[in-house]
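Below is one structure, written out as structure tokens; the observations come after it.
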Amino acid sequence: MKILVALKQVPDTETRIKVAADGKSIDPADVKWITSPYDEYALEEAIRLKESKAAEVTVVSLGGDSVKDVLRNALALGADNAVLLKSDASDPLAIATALAAWAKDKNFDLIMAGNKGIGGDNASVGPMVAELLGIAQANVVVKLEIGDGTFRAEREIEGGTEVIEGKLPAVITAQKGLNEPRYASLKGIMGAKKKTIEEIDGAAPSGSTSIVGMVMPPARPEGRKLDGDPAQQAAALLSALTDEAKIF
Amino acid sequence: MILVFCELKDGKLRKPSAEALSEGRRLADASGKSLGALFVGASNAGATDAANYGADVILTCEAPHLASYSSDAFAHAIADAVKTKGATVLLGGATAMGKDALPRAAARLGAGYAGDVTGLSMVDGKLQAVRPVYAGKAFATTAFTSNIQVATTRPNVFTATEKAGAGAMESLPSPAGDFLAIVKEILAKGSGKADLTEANIIVSGGRGMKNGENFAILEELADALGAVVGASRAAVDAGWGISHGMQVGQTGKVVSPTLYIACGISGAIQHIAGMSGSKYIVAINKDPEAPIFKLASYGIVGDLFEVVPELTKAAKAMGLAAQ
């Protein structure tokens, strides 16, 4: 069984985002870069399948040289191969097209990724890759079982989960709850240093969207503190919510 | 034509669909286009409701094998409808289904996609979207270069406005019944309450709740206010048995309710990112220096274990849940 895990490098969730001078991107200064948290669940699931079903796990990412950190970390966690598609594509369809074009003839049974890359937050590359390859998809998955050429996935929906059954190959995007990702072992980290990251040039299809502006969220109006004992505070809050905010 | 993919639940138009239709109507009026509502399923009784939100045409793609959701079959039916009607803009609510089917339909159409948008306009005949990025730490304006433009609208942001449309019914051919994947079963959580992303009021607990059992007082307050209970990452990761489905924040649900009541939540950056789009924020925290107070419309410095029960008692006395 061959599994591909697509990884994205993103700013740490504790990072304060600032808009860059160009007014349409983020200021990279002081940004700590990490593997997108949802991608970690995808990678963990792939490594568990490798352990239970003798799968071969390849990780791929798009971007420049800095993305190698993410790939190296995945190798340390147990991925067998790592590929860097050198590209400055940022539009979801362009990224999906580059990934699908590369993956097309590689016979992956399973293509996994996080349900969204925290950052762009479009949550669209997974389903786009599935469509471009003409294969099944299950997104926001919290439970996955792989059968003989089939899969069974539970995915989060409003107020519960739904069970999806489908054929392999498939694109599966992971949600928190799918598993508990492991930490890299010292042996894994040392081993990863010796592995090569394959670099492929020229994967830069034209995009269909572009970000033309970026602003910080509007400042919230000044609030006020409600004083008194708990009963007075509760009464003051409910009257403010009723009379000022008109919520009730 | 601006086409809106619509969903029915128990035979009724879902609120996120009504919101997307209303926004579609506004964009159609601004750009001289017509508005179509598209329904895919085994039975689309209830689709006529789309006329109440301005649909000129109501398109149905109906077949017994579409009774269960299949991402590939639905995405193909949606893409086919766009092509058949020559639509240039495709919208839908950013629901579990909308976020699953519309990016796939966009890829089939070679169209650009903007997910979870909070603002839309037509610029030079093309859609332009404002959307939160980095879970709301910044807002980006997305312009499209593709001939067809696809976007999903974040629930609770656009207003569903009743406006009569012609609502002419038209049925479309359905896709073949050979699916790559299909929903076999729906496992409800059983609460029967609204999802966090659609909730109008959220009562949320953080590390200050001290344990999972204490969330019972938040459930009681939520019942008294007609609200849904959420949690911070700290509470979910603490091993208190709080489901990750309840997590609000950058690595959980990004929510924009009318009212968000944060109990024992200090206000970590990643949490604030997930809820700062709330219209009103109430913070209840013992620590007067907690960052959450900087966002709060109303701040209560105090012990949540004293304040929350008082709130519940007063809300019950006022009968707020029913309003």
Extension gain B:E162-B:N200, at 0.36 nm per residue separation less the Cα-Cα distance, in nm? 11.8 nm
Find the percent of Cα-Cα distances in the range B:196-322 that exceed 24 Å, and round it to a whole number. 15
Using only alpha carbon pairs under 8 Å that are at least six residues apart, calculate the relative contact order of the range A:1-113 and give it in whole percent. 36
Could you please state, rounded to a whole Å, how far the C-alpha centre of the range B:99-122 is from the C-alpha centre of the range A:127-169? 20
What's the Kirkwood radius of the range A:111-248 in Å, using all Cα pairs? 20.5
What does the C-alpha gyration tensor say about the overall shape of the range B:72-165? Classify as rounded when a/c is under 1.5, otherwise prolate if a/b is larger than b/c, or oblate. rounded
Helix-derived [θ] at 222 nm for chain A: sum -39500 (n - 2.57) over DSSP H runs of at least 4, divide by residue count, nearest 500? -8000 deg cm²/dmol
Looking at B:F158, B:M97, B:A75, which one has the Cα that reaches farthest to the positive end of the dipole of the range B:2-172 (charges on Cβ: Lys, Arg +1; Asp, Glu -1)? B:F158
Karplus 3J(HN,Hα) series, Hz, for the range B:56-70 with 6.51 cos²θ - 1.76 cosθ + 1.60 (x for Gly, Pro): 6, 10, 10, 9, 10, 10, 10, 6, x, 6, 9, 4, 9, 6, 10
Fraction of the pair-distance distribution of the range A:188-248 above 14 Å, Cα-Cα pairs, percent: 80
Quick one: which of A:K50/A:K194; A:K86/B:K33; A:K18/B:K99; A:K18/B:K33; B:K294/B:K316 span more than 31 angstrom between C-alpha atoms? A:K86/B:K33; A:K18/B:K33
Working from the pairwise distances between different alpha carbons, so that the mean of 1/r is found and then inverted, what is chain B's Kirkwood radius in Å? 20.8
Take the Cα atoms of chain A, find their three principal axes, and give me the spread along each one in whole Å, biggest first. 65, 44, 41
Three-way shape label, the protein assembly as shown, alpha-carbon gyration tensor, a/c 1.5: oblate
Using a 10 angstrom cutoff on alpha carbons, build the Gaussian network for chain B and name the most mobile of B:A235, B:A105, B:A45. B:A45
Would you tell me the mean number of C-beta atoms belonging to other protein chains that fall within 10 Å of each C-beta in A:104-117, as a whole number? 1
Between the helical axis of A:92-103 and the dominant principal axis of chain A, each derived from Cα atoms, what acute angle in degrees is found, rounded to the nearest 10? 20
With -39,500 (n - 2.57) per DSSP H segment of 4 or more residues and division by the full residue count of chain B, the 222 nm estimate, nearest 500 deg cm²/dmol, is -8000 deg cm²/dmol
If you average the alpha carbon positions of the range B:264-323 and of the range B:28-87, how far apart do those two centres end up, in angstrom? 41
Could you give the size of the charge dipole of the protein assembly as shown about its Cα centre, using +1 on the Cβ of each K and R and -1 on the Cβ of each D and E, expressed in debye and rounded to the nearest 20? 580
Could you sort B:266-279, A:109-122, A:64-77 so that the peptide with the highest average Cβ count within 10 Å comes first and the rest follow in order? A:109-122, B:266-279, A:64-77
Quick one: compute the contact order of the range B:228-323, relative version, from alpha carbon pairs under 8 angstrom and 6+ residues apart, as a percent. 19
Given the C-alpha centroids of the range A:15-70 and the range B:187-263, what is the distance between them in whole angstrom? 28
For the range B:2-172: rounded, prolate or oblate by the Cα gyration tensor [a/c cutoff 1.5]: rounded
Could you work out the mean count of beta carbons from other protein chains within 10 Å of each residue's beta carbon in A:131-142? 5
Inter-chain shielding of B:279-288 (mean C-beta neighbours from other protein chains, 10 Å cut-off): 3
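Only the coordinates and a few stated rules stand behind these numbers; no lab work does. Remember, it's a predicted structure, so these values are computed and weren't measured experimentally. Neighbour counts run over all protein chains shown; Cβ positions are idealised from the backbone, glycine included.
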